[in-house]
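Chemist: The structure follows.
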Amino acid sequence: MFDILLAQAPEQIPTPQVNYAAVTPMLIILGAACVSVLFEAFVPKHMRWSFQLLISLGGIVAAGAALAIYATSDDQVKAGTTTFARAISVDRPSLFLWGTLLALGFMSVLLIAERAVEPGGAFVAQAAIRPGTVQDRAQVGSTGMQTEVFPLTLFALGGMMAFCAANDLLTMFIALEVLSLPLYLMCGLARRRRLLSQESAVKYFLLGAFSSAFFLYGLALLYGYAGSIKLSDIAAAAAGSDRSDTLLFAGMGLLVVGLLFKGSVGPFHTWTPDVYQGSPTPVTAFMAACTKVAAFGGILRVLTVGFESTSWEWRGVLWGVAIVSMALGAILGLTQTDVKRMIAYSSIAHAGFLLIGAIAMTDKGLEGTLFYLLSYGFTTVAAFGVISLVRDSSGEATHLSAWAGLAKRSPLLAAVFTFLLLALAGIPLTSGFVGKFVVFSAALSDGMAPLVVIALIASAVAAFFYLRVIVLMYFSEPAADGPAVTLPGTFTTIAITVGVVVTLVLGLAPAFALNWAGSGGFAF
(Lines give C-alpha, C1' and ligand atoms only; values in the text may rest on other atoms or scores of the structure.)
Protein backbone atom coordinates (compact mmCIF):
# COMPACT_ATOMS: atom_id res chain seq x y z
CA MET A 1 0.00 0.00 0.00
CA PHE A 2 2.83 2.37 0.88
CA ASP A 3 4.53 1.69 -2.46
CA ILE A 4 1.26 2.42 -4.28
CA LEU A 5 0.92 5.76 -2.50
CA LEU A 6 4.51 6.68 -3.36
CA ALA A 7 3.91 5.81 -7.00
CA GLN A 8 0.78 7.95 -7.11
CA ALA A 9 2.18 10.93 -5.20
CA PRO A 10 3.96 12.65 -8.10
CA GLU A 11 0.76 12.55 -10.15
CA GLN A 12 -1.41 13.90 -7.33
CA ILE A 13 0.94 16.76 -6.43
CA PRO A 14 2.17 18.38 -9.65
CA THR A 15 5.37 20.36 -9.56
CA PRO A 16 4.56 24.08 -9.86
CA GLN A 17 5.95 25.88 -12.88
CA VAL A 18 8.31 28.73 -12.07
CA ASN A 19 8.89 31.67 -14.39
CA TYR A 20 12.46 32.39 -13.33
CA ALA A 21 12.83 35.32 -15.71
CA ALA A 22 9.95 37.11 -13.99
CA VAL A 23 11.21 36.64 -10.42
CA THR A 24 14.94 37.03 -11.13
CA PRO A 25 15.17 40.50 -9.52
CA MET A 26 13.75 39.23 -6.23
CA LEU A 27 15.89 36.08 -6.31
CA ILE A 28 19.02 38.16 -6.90
CA ILE A 29 18.33 40.30 -3.83
CA LEU A 30 17.63 37.30 -1.60
CA GLY A 31 20.63 35.45 -3.02
CA ALA A 32 22.86 38.47 -2.39
CA ALA A 33 21.57 38.55 1.20
CA CYS A 34 22.56 34.90 1.71
CA VAL A 35 26.00 35.50 0.19
CA SER A 36 26.37 38.53 2.43
CA VAL A 37 25.75 36.36 5.49
CA LEU A 38 28.50 33.97 4.40
CA PHE A 39 30.95 36.82 3.89
CA GLU A 40 30.04 38.13 7.34
CA ALA A 41 30.98 34.76 8.80
CA PHE A 42 34.21 34.01 6.94
CA VAL A 43 35.79 37.30 5.81
CA PRO A 44 38.24 38.97 8.23
CA LYS A 45 36.66 41.74 10.26
CA HIS A 46 38.73 44.58 8.78
CA MET A 47 37.64 43.63 5.25
CA ARG A 48 33.92 43.09 5.86
CA TRP A 49 32.72 46.63 5.23
CA SER A 50 34.19 46.76 1.72
CA PHE A 51 32.90 43.33 0.74
CA GLN A 52 29.45 43.94 2.21
CA LEU A 53 29.11 47.27 0.44
CA LEU A 54 30.16 45.69 -2.86
CA ILE A 55 27.71 42.80 -2.47
CA SER A 56 24.81 45.07 -1.44
CA LEU A 57 25.22 47.67 -4.17
CA GLY A 58 26.18 45.07 -6.77
CA GLY A 59 23.15 42.93 -5.91
CA ILE A 60 20.78 45.89 -6.19
CA VAL A 61 22.28 46.99 -9.51
CA ALA A 62 22.12 43.43 -10.88
CA ALA A 63 18.49 43.11 -9.77
CA GLY A 64 17.69 46.44 -11.41
CA ALA A 65 19.31 45.31 -14.67
CA ALA A 66 17.33 42.05 -14.61
CA LEU A 67 14.15 44.02 -13.94
CA ALA A 68 14.81 46.37 -16.85
CA ILE A 69 15.51 43.47 -19.23
CA TYR A 70 12.33 41.65 -18.24
CA ALA A 71 10.13 44.76 -18.26
CA THR A 72 11.18 45.63 -21.81
CA SER A 73 11.32 42.06 -23.16
CA ASP A 74 7.92 41.82 -24.91
CA ASP A 75 4.36 43.09 -24.89
CA GLN A 76 3.11 40.12 -22.87
CA VAL A 77 4.79 41.55 -19.81
CA LYS A 78 2.08 44.23 -19.71
CA ALA A 79 -0.59 41.58 -19.11
CA GLY A 80 1.36 40.14 -16.17
CA THR A 81 2.02 36.58 -15.09
CA THR A 82 1.73 34.48 -11.97
CA THR A 83 4.32 31.96 -10.83
CA PHE A 84 5.19 29.71 -7.89
CA ALA A 85 1.74 28.09 -8.11
CA ARG A 86 0.13 31.56 -8.40
CA ALA A 87 1.73 32.65 -5.13
CA ILE A 88 3.64 35.52 -6.79
CA SER A 89 2.15 37.88 -9.35
CA VAL A 90 4.59 39.74 -11.60
CA ASP A 91 2.58 42.44 -13.34
CA ARG A 92 3.05 46.11 -14.17
CA PRO A 93 2.31 47.37 -10.64
CA SER A 94 4.75 44.77 -9.24
CA LEU A 95 7.47 45.84 -11.67
CA PHE A 96 6.91 49.52 -10.86
CA LEU A 97 7.07 48.84 -7.12
CA TRP A 98 10.15 46.64 -7.51
CA GLY A 99 11.93 49.35 -9.48
CA THR A 100 10.99 51.92 -6.85
CA LEU A 101 12.19 49.68 -4.01
CA LEU A 102 15.51 48.94 -5.73
CA ALA A 103 16.19 52.63 -6.38
CA LEU A 104 15.30 53.64 -2.83
CA GLY A 105 17.19 50.65 -1.43
CA PHE A 106 20.30 51.72 -3.35
CA MET A 107 20.09 55.22 -1.85
CA SER A 108 19.49 53.78 1.63
CA VAL A 109 22.52 51.48 1.40
CA LEU A 110 24.65 54.51 0.51
CA LEU A 111 23.47 56.27 3.68
CA ILE A 112 24.03 53.11 5.73
CA ALA A 113 27.58 52.74 4.41
CA GLU A 114 28.56 56.37 5.09
CA ARG A 115 31.52 56.62 7.48
CA ALA A 116 32.76 60.16 6.79
CA VAL A 117 29.98 61.97 8.64
CA GLU A 118 30.34 59.86 11.80
CA PRO A 119 33.67 58.07 12.37
CA GLY A 120 32.87 54.41 11.93
CA GLY A 121 29.36 55.11 10.66
CA ALA A 122 25.99 55.53 12.34
CA PHE A 123 25.95 51.95 13.66
CA VAL A 124 27.39 50.57 16.86
CA ALA A 125 30.67 48.64 16.67
CA GLN A 126 29.39 45.83 18.90
CA ALA A 127 25.65 45.54 19.42
CA ALA A 128 26.02 43.39 22.56
CA ILE A 129 27.65 46.18 24.56
CA ARG A 130 25.39 47.49 27.33
CA PRO A 131 24.48 51.19 27.04
CA GLY A 132 26.16 53.50 29.54
CA THR A 133 29.12 51.25 30.27
CA VAL A 134 32.81 52.11 29.81
CA GLN A 135 32.89 49.91 26.72
CA ASP A 136 29.89 51.75 25.30
CA ARG A 137 31.58 55.12 25.72
CA ALA A 138 34.74 53.76 24.14
CA GLN A 139 33.01 52.33 21.09
CA VAL A 140 31.61 55.77 20.16
CA GLY A 141 35.10 56.85 19.12
CA SER A 142 36.02 53.61 17.36
CA THR A 143 36.00 53.22 13.60
CA GLY A 144 34.33 49.81 13.46
CA MET A 145 30.68 49.17 12.69
CA GLN A 146 28.24 46.28 12.93
CA THR A 147 28.40 45.17 9.30
CA GLU A 148 25.55 42.70 9.78
CA VAL A 149 23.34 45.66 8.89
CA PHE A 150 24.07 45.04 5.19
CA PRO A 151 22.62 41.50 4.95
CA LEU A 152 19.75 42.60 7.17
CA THR A 153 18.99 45.41 4.71
CA LEU A 154 19.04 43.02 1.76
CA PHE A 155 16.74 40.52 3.49
CA ALA A 156 14.32 43.32 4.36
CA LEU A 157 14.43 44.58 0.77
CA GLY A 158 13.79 41.08 -0.60
CA GLY A 159 10.86 40.66 1.78
CA MET A 160 9.41 43.98 0.61
CA MET A 161 9.63 42.86 -3.02
CA ALA A 162 7.86 39.59 -2.22
CA PHE A 163 5.25 41.38 -0.11
CA CYS A 164 4.02 43.76 -2.79
CA ALA A 165 3.91 40.93 -5.39
CA ALA A 166 2.26 38.29 -3.18
CA ASN A 167 -0.87 36.82 -4.72
CA ASP A 168 -2.00 34.85 -1.69
CA LEU A 169 -2.23 35.76 1.96
CA LEU A 170 0.17 33.13 3.32
CA THR A 171 2.96 34.29 0.99
CA MET A 172 2.16 37.85 2.01
CA PHE A 173 2.43 36.96 5.70
CA ILE A 174 5.79 35.22 5.24
CA ALA A 175 7.07 38.20 3.27
CA LEU A 176 5.78 40.51 6.01
CA GLU A 177 7.91 38.69 8.58
CA VAL A 178 10.95 38.59 6.29
CA LEU A 179 10.83 42.37 5.86
CA SER A 180 9.95 43.14 9.48
CA LEU A 181 12.38 41.03 11.53
CA PRO A 182 15.54 42.63 10.11
CA LEU A 183 14.08 46.09 10.71
CA TYR A 184 13.44 45.28 14.38
CA LEU A 185 17.16 44.53 14.78
CA MET A 186 18.39 47.46 12.69
CA CYS A 187 16.44 49.96 14.81
CA GLY A 188 18.53 49.07 17.89
CA LEU A 189 21.98 49.44 16.32
CA ALA A 190 22.56 53.20 16.72
CA ARG A 191 26.12 54.15 17.73
CA ARG A 192 24.90 57.06 19.86
CA ARG A 193 21.84 57.40 22.11
CA ARG A 194 21.85 53.65 22.57
CA LEU A 195 19.01 53.51 25.10
CA LEU A 196 16.70 55.51 22.84
CA SER A 197 17.64 53.28 19.92
CA GLN A 198 17.01 50.06 21.83
CA GLU A 199 13.74 51.43 23.17
CA SER A 200 12.58 52.10 19.62
CA ALA A 201 13.54 48.56 18.59
CA VAL A 202 11.56 47.02 21.46
CA LYS A 203 8.49 49.18 20.73
CA TYR A 204 8.63 48.34 17.04
CA PHE A 205 9.02 44.63 17.80
CA LEU A 206 6.16 44.43 20.29
CA LEU A 207 3.69 46.45 18.23
CA GLY A 208 4.84 44.67 15.07
CA ALA A 209 4.13 41.32 16.72
CA PHE A 210 0.59 42.49 17.55
CA SER A 211 0.02 43.64 13.98
CA SER A 212 1.31 40.33 12.62
CA ALA A 213 -1.11 38.52 14.92
CA PHE A 214 -3.98 40.62 13.55
CA PHE A 215 -2.90 39.81 10.01
CA LEU A 216 -2.61 36.08 10.70
CA TYR A 217 -5.96 35.87 12.49
CA GLY A 218 -7.61 37.72 9.63
CA LEU A 219 -5.98 35.28 7.21
CA ALA A 220 -7.45 32.35 9.18
CA LEU A 221 -10.95 33.82 9.13
CA LEU A 222 -10.77 34.48 5.39
CA TYR A 223 -9.61 30.92 4.80
CA GLY A 224 -12.58 29.73 6.81
CA TYR A 225 -14.86 31.84 4.63
CA ALA A 226 -13.46 31.12 1.17
CA GLY A 227 -11.65 27.83 1.67
CA SER A 228 -8.60 29.38 0.04
CA ILE A 229 -5.88 31.91 0.82
CA LYS A 230 -5.54 33.16 -2.76
CA LEU A 231 -6.85 36.67 -3.30
CA SER A 232 -8.67 35.75 -6.51
CA ASP A 233 -10.46 32.84 -4.80
CA ILE A 234 -11.50 35.11 -1.91
CA ALA A 235 -12.83 37.61 -4.44
CA ALA A 236 -14.81 34.88 -6.22
CA ALA A 237 -16.29 33.65 -2.95
CA ALA A 238 -17.22 37.19 -1.88
CA ALA A 239 -18.92 37.88 -5.21
CA GLY A 240 -21.00 34.72 -5.42
CA SER A 241 -21.31 32.94 -2.08
CA ASP A 242 -24.34 32.33 0.11
CA ARG A 243 -22.21 32.05 3.26
CA SER A 244 -22.44 34.48 6.13
CA ASP A 245 -20.42 37.64 5.57
CA THR A 246 -19.35 37.74 9.22
CA LEU A 247 -16.16 35.78 8.56
CA LEU A 248 -15.47 37.80 5.42
CA PHE A 249 -15.62 41.25 6.97
CA ALA A 250 -14.12 40.23 10.32
CA GLY A 251 -11.21 38.64 8.48
CA MET A 252 -10.80 41.59 6.17
CA GLY A 253 -10.86 44.03 9.08
CA LEU A 254 -8.12 42.19 10.95
CA LEU A 255 -6.08 41.77 7.78
CA VAL A 256 -6.29 45.45 6.89
CA VAL A 257 -5.28 46.46 10.43
CA GLY A 258 -2.02 44.57 9.97
CA LEU A 259 -1.43 46.24 6.62
CA LEU A 260 -2.28 49.74 7.89
CA PHE A 261 0.13 49.31 10.80
CA LYS A 262 2.99 48.61 8.43
CA GLY A 263 2.04 51.65 6.33
CA SER A 264 2.02 54.02 9.36
CA VAL A 265 -1.64 54.86 8.78
CA GLY A 266 -3.37 56.49 11.75
CA PRO A 267 -4.72 55.43 14.18
CA PHE A 268 -2.35 52.45 13.78
CA HIS A 269 0.67 54.76 13.82
CA THR A 270 1.74 54.81 17.46
CA TRP A 271 5.10 53.16 16.77
CA THR A 272 6.11 55.62 14.06
CA PRO A 273 7.32 58.77 15.93
CA ASP A 274 9.32 56.87 18.56
CA VAL A 275 10.89 54.46 16.06
CA TYR A 276 11.75 57.21 13.58
CA GLN A 277 13.38 59.24 16.34
CA GLY A 278 15.33 56.45 18.03
CA SER A 279 16.58 54.48 15.03
CA PRO A 280 19.84 55.27 13.26
CA THR A 281 18.95 57.91 10.66
CA PRO A 282 19.90 55.71 7.65
CA VAL A 283 17.55 53.03 8.97
CA THR A 284 14.85 55.64 9.49
CA ALA A 285 15.27 56.71 5.86
CA PHE A 286 15.05 53.09 4.70
CA MET A 287 11.91 52.43 6.76
CA ALA A 288 10.20 55.70 5.90
CA ALA A 289 10.61 55.19 2.15
CA CYS A 290 10.81 51.47 1.37
CA THR A 291 8.46 50.10 4.03
CA LYS A 292 5.74 52.52 2.98
CA VAL A 293 6.16 51.51 -0.67
CA ALA A 294 5.86 47.82 0.21
CA ALA A 295 2.95 48.34 2.61
CA PHE A 296 0.85 50.32 0.17
CA GLY A 297 1.76 47.94 -2.63
CA GLY A 298 0.23 45.19 -0.50
CA ILE A 299 -2.79 47.33 0.40
CA LEU A 300 -3.46 48.12 -3.25
CA ARG A 301 -3.29 44.45 -4.25
CA VAL A 302 -5.47 43.21 -1.38
CA LEU A 303 -8.19 45.82 -1.86
CA THR A 304 -8.23 45.68 -5.67
CA VAL A 305 -7.86 41.94 -6.25
CA GLY A 306 -9.42 40.46 -3.14
CA PHE A 307 -12.18 42.82 -2.03
CA GLU A 308 -13.20 45.03 -4.94
CA SER A 309 -16.65 43.42 -5.21
CA THR A 310 -17.40 44.30 -1.56
CA SER A 311 -16.09 47.87 -1.68
CA TRP A 312 -19.54 49.29 -0.92
CA GLU A 313 -19.39 47.74 2.58
CA TRP A 314 -15.84 48.66 3.63
CA ARG A 315 -15.15 51.85 1.73
CA GLY A 316 -16.79 54.13 4.29
CA VAL A 317 -14.63 52.67 7.06
CA LEU A 318 -11.45 53.43 5.13
CA TRP A 319 -12.76 56.93 4.46
CA GLY A 320 -12.77 57.42 8.23
CA VAL A 321 -9.32 55.87 8.61
CA ALA A 322 -7.89 58.19 5.94
CA ILE A 323 -9.44 61.24 7.64
CA VAL A 324 -8.07 60.20 11.05
CA SER A 325 -4.61 59.61 9.60
CA MET A 326 -4.49 62.99 7.85
CA ALA A 327 -5.80 64.82 10.93
CA LEU A 328 -3.42 63.12 13.35
CA GLY A 329 -0.40 63.67 11.13
CA ALA A 330 -1.19 67.32 10.39
CA ILE A 331 -2.30 68.42 13.87
CA LEU A 332 0.18 66.50 16.03
CA GLY A 333 2.98 67.43 13.66
CA LEU A 334 2.46 71.04 14.72
CA THR A 335 3.46 70.23 18.29
CA GLN A 336 6.75 68.46 17.53
CA THR A 337 10.09 69.97 18.50
CA ASP A 338 12.25 67.18 17.04
CA VAL A 339 12.77 67.20 13.27
CA LYS A 340 12.72 63.39 12.97
CA ARG A 341 9.45 63.16 14.90
CA MET A 342 8.06 65.97 12.76
CA ILE A 343 8.76 64.00 9.59
CA ALA A 344 7.28 60.93 11.28
CA TYR A 345 3.97 62.73 11.73
CA SER A 346 4.36 64.03 8.19
CA SER A 347 4.54 60.42 7.01
CA ILE A 348 1.31 59.65 8.88
CA ALA A 349 -0.43 62.48 7.04
CA HIS A 350 1.02 61.28 3.74
CA ALA A 351 -0.25 57.79 4.51
CA GLY A 352 -3.74 59.25 4.68
CA PHE A 353 -3.26 60.88 1.27
CA LEU A 354 -2.01 57.58 -0.15
CA LEU A 355 -5.00 55.74 1.28
CA ILE A 356 -7.29 58.06 -0.69
CA GLY A 357 -5.71 56.81 -3.91
CA ALA A 358 -5.82 53.20 -2.73
CA ILE A 359 -9.59 53.25 -2.07
CA ALA A 360 -10.40 55.00 -5.35
CA MET A 361 -10.47 51.52 -6.98
CA THR A 362 -9.85 52.90 -10.48
CA ASP A 363 -6.95 52.82 -12.92
CA LYS A 364 -6.30 56.50 -12.16
CA GLY A 365 -6.25 55.75 -8.45
CA LEU A 366 -3.69 52.98 -8.95
CA GLU A 367 -1.57 55.20 -11.20
CA GLY A 368 -1.68 58.13 -8.78
CA THR A 369 -0.85 56.03 -5.73
CA LEU A 370 2.13 54.36 -7.40
CA PHE A 371 3.49 57.73 -8.56
CA TYR A 372 2.97 59.19 -5.08
CA LEU A 373 4.98 56.34 -3.54
CA LEU A 374 7.81 56.95 -5.99
CA SER A 375 7.98 60.70 -5.42
CA TYR A 376 7.56 60.50 -1.64
CA GLY A 377 10.29 57.87 -1.31
CA PHE A 378 13.02 59.86 -3.07
CA THR A 379 12.16 63.05 -1.20
CA THR A 380 12.14 61.32 2.18
CA VAL A 381 15.47 59.53 1.78
CA ALA A 382 17.13 62.79 0.72
CA ALA A 383 15.56 64.65 3.66
CA PHE A 384 16.95 62.18 6.19
CA GLY A 385 20.32 62.40 4.47
CA VAL A 386 20.27 66.15 5.18
CA ILE A 387 19.21 65.57 8.79
CA SER A 388 22.27 63.36 9.38
CA LEU A 389 24.60 66.31 8.60
CA VAL A 390 23.53 68.72 11.36
CA ARG A 391 25.51 67.56 14.40
CA ASP A 392 26.85 68.56 17.80
CA SER A 393 29.10 66.86 20.32
CA SER A 394 26.48 64.22 21.13
CA GLY A 395 25.79 63.33 17.50
CA GLU A 396 22.88 64.41 15.35
CA ALA A 397 21.20 67.63 16.50
CA THR A 398 17.56 66.92 15.75
CA HIS A 399 15.91 69.43 18.09
CA LEU A 400 14.40 72.26 16.07
CA SER A 401 16.29 74.88 18.07
CA ALA A 402 19.52 73.49 16.64
CA TRP A 403 18.34 74.38 13.13
CA ALA A 404 17.95 78.08 13.91
CA GLY A 405 20.03 80.17 11.53
CA LEU A 406 21.18 77.14 9.55
CA ALA A 407 21.13 79.21 6.34
CA LYS A 408 23.90 81.41 7.77
CA ARG A 409 26.05 78.40 8.61
CA SER A 410 25.44 76.44 5.40
CA PRO A 411 23.33 78.19 2.73
CA LEU A 412 23.50 75.22 0.36
CA LEU A 413 22.28 72.68 2.92
CA ALA A 414 19.48 74.99 4.03
CA ALA A 415 18.40 75.51 0.40
CA VAL A 416 18.36 71.76 -0.26
CA PHE A 417 16.33 71.05 2.88
CA THR A 418 13.95 73.88 2.04
CA PHE A 419 13.31 72.40 -1.38
CA LEU A 420 12.66 68.95 0.12
CA LEU A 421 10.28 70.36 2.74
CA LEU A 422 8.38 72.25 0.04
CA ALA A 423 8.09 68.99 -1.89
CA LEU A 424 6.66 67.25 1.18
CA ALA A 425 4.22 70.15 1.52
CA GLY A 426 3.11 69.70 -2.10
CA ILE A 427 4.27 73.04 -3.51
CA PRO A 428 4.18 73.31 -7.36
CA LEU A 429 7.28 72.45 -9.40
CA THR A 430 8.03 69.55 -7.07
CA SER A 431 7.12 65.87 -7.26
CA GLY A 432 5.02 66.26 -4.11
CA PHE A 433 2.62 68.59 -5.90
CA VAL A 434 2.20 66.24 -8.85
CA GLY A 435 1.70 63.26 -6.53
CA LYS A 436 -1.09 64.97 -4.61
CA PHE A 437 -2.64 66.30 -7.80
CA VAL A 438 -2.96 62.89 -9.47
CA VAL A 439 -4.25 61.20 -6.29
CA PHE A 440 -6.81 63.91 -5.60
CA SER A 441 -7.86 63.96 -9.28
CA ALA A 442 -8.48 60.20 -9.16
CA ALA A 443 -10.51 60.60 -5.98
CA LEU A 444 -12.60 63.41 -7.50
CA SER A 445 -13.37 61.37 -10.61
CA ASP A 446 -14.50 58.52 -8.36
CA GLY A 447 -16.96 60.64 -6.38
CA MET A 448 -14.87 61.35 -3.28
CA ALA A 449 -15.02 65.15 -3.34
CA PRO A 450 -15.67 65.54 0.44
CA LEU A 451 -12.59 63.44 1.21
CA VAL A 452 -10.50 65.54 -1.16
CA VAL A 453 -11.66 68.75 0.55
CA ILE A 454 -10.59 67.34 3.92
CA ALA A 455 -7.25 66.30 2.41
CA LEU A 456 -6.65 69.82 1.09
CA ILE A 457 -7.34 71.28 4.53
CA ALA A 458 -4.96 68.76 6.12
CA SER A 459 -2.31 69.66 3.51
CA ALA A 460 -2.66 73.34 4.39
CA VAL A 461 -2.31 72.61 8.11
CA ALA A 462 0.69 70.34 7.54
CA ALA A 463 2.37 72.99 5.40
CA PHE A 464 2.66 75.15 8.52
CA PHE A 465 5.19 72.92 10.29
CA TYR A 466 7.27 72.64 7.11
CA LEU A 467 7.28 76.42 6.73
CA ARG A 468 8.12 76.82 10.42
CA VAL A 469 11.42 75.00 9.87
CA ILE A 470 12.16 77.11 6.79
CA VAL A 471 11.52 80.33 8.71
CA LEU A 472 13.69 79.05 11.55
CA MET A 473 16.58 78.36 9.20
CA TYR A 474 16.46 81.68 7.37
CA PHE A 475 15.08 84.25 9.84
CA SER A 476 16.63 83.22 13.16
CA GLU A 477 20.11 83.86 14.47
CA PRO A 478 22.29 80.80 15.06
CA ALA A 479 23.37 80.16 18.62
CA ALA A 480 27.02 80.87 19.35
CA ASP A 481 27.55 77.33 20.62
CA GLY A 482 25.08 75.81 18.17
CA PRO A 483 25.68 72.65 16.16
CA ALA A 484 27.91 72.57 13.12
CA VAL A 485 27.12 71.27 9.66
CA THR A 486 29.31 68.32 8.83
CA LEU A 487 30.56 68.01 5.29
CA PRO A 488 28.84 65.04 3.66
CA GLY A 489 30.83 62.08 2.45
CA THR A 490 30.64 60.78 -1.08
CA PHE A 491 27.83 58.32 -0.35
CA THR A 492 25.61 60.85 1.44
CA THR A 493 26.26 63.42 -1.29
CA ILE A 494 25.16 60.96 -3.98
CA ALA A 495 22.01 59.97 -2.07
CA ILE A 496 20.95 63.57 -1.41
CA THR A 497 21.74 64.68 -4.96
CA VAL A 498 19.76 61.83 -6.52
CA GLY A 499 16.81 62.54 -4.23
CA VAL A 500 16.79 66.25 -5.03
CA VAL A 501 17.20 65.73 -8.79
CA VAL A 502 14.41 63.13 -8.96
CA THR A 503 12.14 65.34 -6.86
CA LEU A 504 12.71 68.21 -9.28
CA VAL A 505 12.44 66.12 -12.47
CA LEU A 506 9.21 64.43 -11.37
CA GLY A 507 7.81 67.85 -10.56
CA LEU A 508 8.68 69.32 -13.97
CA ALA A 509 8.31 66.31 -16.29
CA PRO A 510 6.30 63.53 -14.62
CA ALA A 511 4.86 62.03 -17.81
CA PHE A 512 7.29 59.12 -18.09
CA ALA A 513 6.74 57.92 -14.53
CA LEU A 514 2.98 58.41 -14.77
CA ASN A 515 2.83 56.43 -18.01
CA TRP A 516 4.82 53.60 -16.46
CA ALA A 517 2.64 53.61 -13.33
CA GLY A 518 -0.53 53.51 -15.43
CA SER A 519 0.60 50.95 -18.01
CA GLY A 520 -1.26 47.94 -16.61
CA GLY A 521 -3.30 46.46 -13.77
CA PHE A 522 -2.92 43.53 -11.40
CA ALA A 523 -2.59 39.96 -12.65
CA PHE A 524 -4.16 37.18 -10.59
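The values are calculated or read from the model by the stated rules, or taken from the named source; none is laboratory data. Remember, predicted model here, so these are calculated numbers, not experimental data. Glycine gets a Cβ as well: all are built from the backbone with ideal geometry, and neighbour counts include every protein chain shown.
Chemist: Take TYR225 and decide whether it is touching a residue at least 12 places away in the same chain (Cβ under 8 Å), crowded, with 21+ Cβ neighbours inside 10 Å and touching a Cys at 6+ places or on another chain (Cβ under 6 Å).
Modeler: The answer is no for TYR225.
Chemist: Additional query: When you scan region 371-464 for helices (runs of 4 or more DSSP H) that lie fully inside it, which ones turn up with 1 or more residues that are more than 23 Å from the chain's Cα centre (by Cα), without any contact (Cβ under 8 Å) to a residue 24 or more places away in the chain and surrounded by fewer than 17 Cβ atoms within 10 Å (Cβ to Cβ)?
Modeler: By residue number, 411-425, 431-445.
Chemist: If I filter region 94-130 down to residues being modelled with pLDDT of 90 or more and not hydrophobic (A, V, I, L, M, F, W, C), which single residue comes out as farthest from SER519 (Cα to Cα)?
Modeler: Ranking the candidates gives SER108 first.
Chemist: Another question, if that's okay. If a residue must be surrounded by fewer than 18 Cβ atoms within 10 Å (Cβ to Cβ) and touching a strand residue (DSSP E or B) at 6+ places or on another chain (Cβ under 8 Å), how many such residues does region 64-82 contain?
Modeler: Going through region 64-82 one residue at a time, the tally reaches 1.
Chemist: Separate question: Name the residues in region 327-355 that are farther than 24 Å from THR369 by Cβ and touching a His at 6+ places or on another chain (Cβ under 9 Å), would you?
Modeler: Passing the criteria: THR337, ASP338, VAL339.
Chemist: On the given criteria, is VAL502 of a type outside the set (Gly, Ala, Ser), touching a strand residue (DSSP E or B) at 6+ places or on another chain (Cβ under 9 Å) and in contact (Cβ under 8 Å) with a residue 24 or more places away in the chain?
Modeler: no
Chemist: Just give me the residues in region 261-285 being assigned to a loop (DSSP other than H, G, I, E, B) and either on the phi > 0 side of the Ramachandran plot or in contact with a Lys or Arg (Cβ under 7 Å, 6 or more places away or on another chain) (or both), in sequence order. Outline the logic, then answer.
Modeler: First, the residues of region 261-285 that are assigned to a loop (DSSP other than H, G, I, E, B): 263-271, 279-280.
Passing the criteria: GLY263, SER264, TRP271.
Chemist: Restricting the search to region 8-47, which residues are modelled with pLDDT of 80 or more and among the acidic types (Asp, Glu)?
Modeler: GLU40
Chemist: Inspect all residues belonging to region 328-336 and state whether any of them is more than 16 Å from the chain's Cα centre (by Cα), within 30 Å of PHE307 (Cα to Cα), surrounded by fewer than 24 Cβ atoms within 10 Å (Cβ to Cβ) and at pLDDT 90 or above. It would help to see each step written out before you state the result.
Modeler: We begin by selecting, within region 328-336, every residue more than 16 Å from the chain's Cα centre (by Cα); these are 328-336.
Going one step further and asking which of them are within 30 Å of PHE307 (Cα to Cα), we end up with 328-330.
Now restrict to residues that are surrounded by fewer than 24 Cβ atoms within 10 Å (Cβ to Cβ): 328.
Within this subset, residues satisfying the condition of being at pLDDT 90 or above are 328.
The answer is yes; a qualifying residue exists.
Chemist: For region 465-483, which residues satisfy the criterion of being over 19 Å from ASP338 (Cβ atoms) and touching a residue at least 12 places away in the same chain (Cβ under 8 Å)?
Modeler: TYR474, GLU477
Chemist: Taking only region 232-250 into account, find how many residues are hydroxyl-bearing (Ser, Thr, Tyr) and surrounded by fewer than 13 Cβ atoms within 10 Å (Cβ to Cβ).
Modeler: Qualifying residue count, region 232-250: 2.
Chemist: Report yes if some residue within region 247-268 is closer than 18 Å to MET186 by Cα, aromatic (Phe, Trp, Tyr) and touching a helix residue (DSSP H, G or I) at 6+ places or on another chain (Cβ under 8 Å); otherwise report no.
Modeler: no
Chemist: Something else now. Kindly check whether there is at least one residue in region 432-445 that is over 30 Å from ALA511 (Cβ atoms) and of a type in the set (A, V, I, L, M, F, W, C).
Modeler: No, region 432-445 contains no residue that is over 30 Å from ALA511 (Cβ atoms) and of a type in the set (A, V, I, L, M, F, W, C).
Chemist: Related question: Out of curiosity, is VAL109 of a type outside the set (S, T, N, Q), surrounded by 19 or more Cβ atoms within 10 Å (Cβ to Cβ) and within 30 Å of VAL485 (Cα to Cα)?
Modeler: In short, yes.
Chemist: Can I ask one more? Report, ordered by the first and then the second residue, all pairs with beta carbons closer than 7 Å, sequence separation of six or more or different chains, a first member in region 29-41 that is farther than 16 Å from MET160 by Cβ, and a second member that is of a type in the set (A, V, I, L, M, F, W, C) and crowded, with 16+ Cβ neighbours inside 10 Å.
Modeler: VAL35/ILE55; SER36/ILE55; SER36/PHE150; SER36/LEU154; PHE39/PHE51; PHE39/ILE55
Chemist: Considering ILE470, ILE496, which residue is among the aliphatic types (A, V, I, L, M), crowded, with 22+ Cβ neighbours inside 10 Å and at pLDDT 90 or above?
Modeler: Going through ILE470, ILE496 in turn, the sole match is ILE496.
Chemist: Next up: Please give the number of the condition ASP242 fails out of (1) farther than 21 Å from LYS340 by Cα; (2) assigned to a helix (DSSP H, G or I).
Modeler: Answer for ASP242: the failing condition is (2).
Chemist: For residues that are surrounded by fewer than 19 Cβ atoms within 10 Å (Cβ to Cβ), in contact with a Phe, Trp or Tyr (Cβ under 9 Å, 6 or more places away or on another chain) and under 30 Å from ALA517 (Cβ atoms), tally how many sit in region 34-63.
Modeler: 2
Chemist: Another question about this same structure. Is there a residue being surrounded by fewer than 24 Cβ atoms within 10 Å (Cβ to Cβ) and outside any helix (DSSP H, G or I) anywhere in region 312-323?
Modeler: If we filter region 312-323 for residues that are surrounded by fewer than 24 Cβ atoms within 10 Å (Cβ to Cβ), which is where we start, we get 312-321, 323.
With outside any helix (DSSP H, G or I) added as a condition, the list becomes none.
Checking region 312-323: not a single residue is surrounded by fewer than 24 Cβ atoms within 10 Å (Cβ to Cβ) and outside any helix (DSSP H, G or I).
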